[in-house]
Amino acid sequence: MNNIATLRDMALPQHFSIDFGAHSLKLVNLLKKGSSWELKNIGSVQTPPEVLNSYKEEHKSQMIDAVKSLAAEARVPYKEVSIALPESAVFSRVLSLPKVGDDEVTDAVYWQLKQFLPYPIEDVQSDYTQLSVDPSGQRKVLAVAAPKKLVELYVEILERAGLVPVDIESETLAILRSVKYAHEVSDAVVLDFGSNTTDMAIMKDGELFFSQSIATGADLLTKALVNEFQLSYAQAEEYKRIYGMRSDAADGKIRNAMKPVLDMIVTEVLRGVEFYKNEIGALPPKLAVLSGEAALLPALPEYMEAILGYEVQLADPWRPIVVPNNIAEIVRKSSPAFTVAIGLCLKE
Ligand SMILES: Nc1ncnc2c1ncn2[C@@H]1O[C@H](COP(=O)(O)OP(=O)(O)OP(=O)(O)O)[C@@H](O)[C@H]1O
Ligand SMILES: [Mg+2]
């Protein structure tokens, strides 16, 4: 995003990242040593309920306190931070431009974006990346736009927490960078399972070609168990984490109660795949990677594999990163949860 990219030019070589999730804020600080990356600091803190993306002063103060305690807990020795905006708040779309000169691309993107945006173009901050040019001169570009008000909200929160924002991008772009680096793939359907939303992206030749935020997240799986078995939320959460989608546990009852929620997500994923096929005119990649802490749901990869009909992998963004022994176990257990935060740090 334009003015943030300018902020980035001023960035010091050392910075860390925070992923603002509805369930938790996650912090990662990686250090580049030669051609490899080493984990220096890590942390997470629960997001105060209902405060994410809220402009109310009392909510901002709660978020500022959460950011301060996270930064203090992780003991990062500097202030420069990269963050991601929630995918649900970001508009991204592949645009097909008619034959235009290099100096006319920015204008062509502006006019197309103006048509597609669900809000006035004056209210957004936008940027684009060229994806391809065909022999007739037609270009495909990926345009990304975010409400200026939201960018300003995050800048305010970080500054009031005593930090210096050096880069802001969309969660999806950060996830794709992580997946590309750790899984050494450039074509994949990537699904980020969060608490409130499931974000879908299709990566082709290493670039984002399609993304959508599905308004069904993993907290609804817990709520389905609360309703079905009259459990407390905490008990339902425990069952969800222990049994997940395993058909061989608890007579498959936990699985059956959560299945309708997962199937709502799957329906939207399949719609996204159809949209991609029609827009891009190519078959989507035959590999899916699942990120987000909620992807730890037992037997989720197997469940998705049976529906999609191709290989499904759990994201392992730590794979190529050198992790100190004393936190190796924590990192291993929460492997897909830090995909966004790691991707933000990997940006050079
Ligand atoms: N081991 C586990 N098994 C199953 N589900 C889990 C596990 N650990 C966490 N979850 C679920 O993951 C969700 C939180 O995931 P995550 O931390 O990635 O969300 P978030 O990034 O804070 O939210 P969002 O991306 O929607 O803003 C919660 O619904 C939680 O119940
Ligand atoms: Mg998330």
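Taken together, the values in this text are just the output of simple stated rules run on the coordinates, not laboratory data. Please read these numbers as outputs of a predicted model, since none were measured by experiment. Ideal geometry is used to build each Cβ from the backbone, glycine not excepted, and the neighbour counts take in all protein chains shown.
Details
- Across Lys33/Lys79; Lys149/Lys277; Lys277/Lys333; Lys33/Lys149, pairs whose alpha-carbon gap is larger than 31 Å: Lys149/Lys277; Lys277/Lys333; Lys33/Lys149
- Based on C-alpha pairs under 8 angstrom that are at least 6 apart in sequence, the chain has a relative contact order of 19 percent.
- By the count of neighbouring beta-carbon atoms within 10 Å, fewest first, Met203, Met304 end up ordered Met304, Met203.
- If you take the Cα centroid of region 17-66 and the Cα centroid of region 113-156, the two points sit 25 Å apart.
- The percentage of C-alpha pairs in region 214-312 whose separation is greater than 24 Å is 26%.
- Each of Val261, Val289, Gln230 was scored by the projection of its Cα onto the charge dipole of region 206-348, and the greatest displacement toward the positive side belongs to Gln230; charges sit on the C-beta of Lys, Arg, Asp and Glu.
- Put simply, the amide H of Ser24, placed in the peptide plane, has neighbours under 5 Å in Thr47, leaving out anything fewer than 5 places away on its chain.
- Each residue of region 88-99 was assigned a 3J(HN,Hα) from its phi angle through the Karplus expression (A = 6.51, B = -1.76, C = 1.60, θ = phi - 60°), giving 5, 9, 10, 9, 9, 7, 7, 10, 9, 9, x, 4 Hz with x at Gly and Pro.
- Assuming charge only on the beta carbon of Lys and Arg (+1) and of Asp and Glu (-1), the dipole of region 214-312 about its Cα centre is about 80 debye to the nearest 20.
- Glu279 paired with Ser36, simple spin-label distance in nm, labels 7 Å along Cα-to-beta-carbon: 3.9
- Span from the region 271-306 Cα centroid across to the region 165-195 one, whole angstrom: 14
- Each Lys and Arg adds +1 at its Cβ and each Asp and Glu adds -1 at its Cβ; summed about the Cα centre, the chain shows a dipole of about 500 debye.
- Kirkwood hydrodynamic radius of region 91-145, from inverse mean 1/r over distinct Cα pairs, in Å: 11.3
- Given in Å, the Rg to one decimal and the Dmax to the nearest whole number for the Cα atoms of the chain are 20.3, 63.
- The chain - mean residue ellipticity at 222 nm from DSSP helices (-39,500 (n - 2.57) per run, n ≥ 4, rounded to 500): -12500 deg cm²/dmol
- Taking Cβ atoms as reference points and 14 Å as the exclusive limit, the residues near Asp19 contribute a net charge of -4, counting Lys and Arg as +1 and Asp and Glu as -1.
- Computed from the Cβ-Cβ distance with R0 of 22 Å, the FRET efficiency linking Val322 to Ser69 stands at 0.20.
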